[in-house]
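Structure record follows, encoded as structure tokens.
The values are calculated or read from the model by the stated rules, or taken from the named source; none is laboratory data. Just so it is clear, the model here is predicted, and its values are computed rather than measured. Positions of Cβ are backbone-derived with ideal geometry, glycine not excepted, and every protein chain shown enters the neighbour counts.
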Amino acid sequence: MTANGQTGKTFRLLLVLLLTVMAVGLGYAVLELHSSAGGLSKQVATNLEASGVSNPVTAVLLNFRGYDTLLEMAVLLVALIGVWSLGGIPDYRESSPGPVLDTLSRLLVPMLILVAGYLLWVGTHAPGGAFQAGSVLGAAGVLLLLSGWRLEKIFAGLPLRVILILGLGAFVTAGGGFLLIGNVFMEYPSALAGELILMVEAAATLSIGVTLAALFLGGRPEAGLDK
């Protein structure tokens, strides 16, 4: 076995070991979780008014524990970069979507966009939010791709990349901007928290939807258009 082969085998073994330890640790944590654990619901309820929203889930994900959602956005973007590193869109034989799929996409895509907007807006006071809205928006994009729709080359380069990083960029900008006035990272002033959360969620919704659709496409759109 060559040196490169031995190195690769060692790396794979270490990766399997690390993943096994993580899986065992997570499993142990779930099994040992006490059924009567109170959690942090009281603390969240006490500080809900200062969060800028009335939905406790949104308050946790976008304010109190905004780091988690920020990292989730980063992971999603890294996953897309990994897919794009494989090259352009895979070769496949184009086929006509047919009248059923074509009609279905024309009816459902506008409705899915409206539902995504509603989920984004309602997330401030009821179940919803950026990831739910982004998933619905991504489903609309997948349906368009299945119907044979593709981005024009002029939009498949820089404009697409700007949209992809828009959500993460909005998070970092909103969270880090107040460092200049003495706040800590991701600490929103109570008077502006509601508006900032809505702005961040709107940008995140667009980025999540486009990212999910781009993952379904399976490669860099601009590379596929160069063929």
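Here the condition is being surrounded by fewer than 16 Cβ atoms within 10 Å (Cβ to Cβ), closer than 17 Å to ALA214 by Cβ and of a type in the set (A, V, I, L, M); of VAL162, VAL136, VAL184, it holds for VAL162 alone. Can you name the residue in the stretch 92-119 that is in contact with a helix residue (DSSP H, G or I) (Cβ under 9 Å, 6 or more places away or on another chain) and surrounded by fewer than 12 Cβ atoms within 10 Å (Cβ to Cβ) and is also modelled with the lowest pLDDT among such residues? The extreme case among them is SER96. The set of residues in the stretch 140-185 being aliphatic (A, V, I, L, M), assigned to a helix (DSSP H, G or I) and in contact (Cβ under 8 Å) with a residue 60 or more places away in the chain consists of ALA140, VAL142, LEU144, LEU145, LEU160, LEU164, ILE165, LEU168, VAL172.
All conditions but one from (1) surrounded by 15 or more Cβ atoms within 10 Å (Cβ to Cβ); (2) under 19 Å from ARG65 (Cβ atoms) apply to THR173; the one that does not is (1).
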